[in-house]
């Protein structure tokens with residue numbers, strides 16, 4: 001999975017910091033590629049009107065969508081988005097009472 005952050009300036013910098021913090025806290029840094037871009041073709045393709053924008057791309061299922069545009073969500077909202085997409089706690093990956101499920105290899109807990 002890729003997360004693309006489109007735009008420039010202070011609001012993009014803040015969004016980048018928040019997304020990076022969330023990926024680190026959720027142990028997803030090794031699984032989700034984070035990219036910053038100001039590519040006009042991406043802006044046109046995704047119909048982005050205002051920056052910053054957060055785009056999720058999953059090549060294996062040919063999916064790409066703009067999730068946030070023109071706002072910089074709080075870290076809790078970003079974390080919630082990642083948890084929803086990945087499916088933790090809803091039949092997807094989850095940690096056992098011992099703190100280790102063996103699914104993701106993170107050794108969470």
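Some notes on this structure:
- The stretch 2-86: projected area of the alpha-carbon convex hull, averaged over directions, in nm²: 5.1
- Between residue 43 and residue 63, the modelled labels are 2.8 nm apart [label points 7 Å from Cα along Cα→Cβ].
- Computed label-point distance, nm, for sites residue 24 and residue 36 using a 7 Å Cα→Cβ extension: 1.5
All of the numbers you see were taken from the coordinates with simple rules; none came from a lab. Fair warning: this is a prediction, and the values are worked out from it, not measured in the lab. Cβ atoms come from the backbone with ideal geometry, glycine included; neighbour counts cover every protein chain shown.
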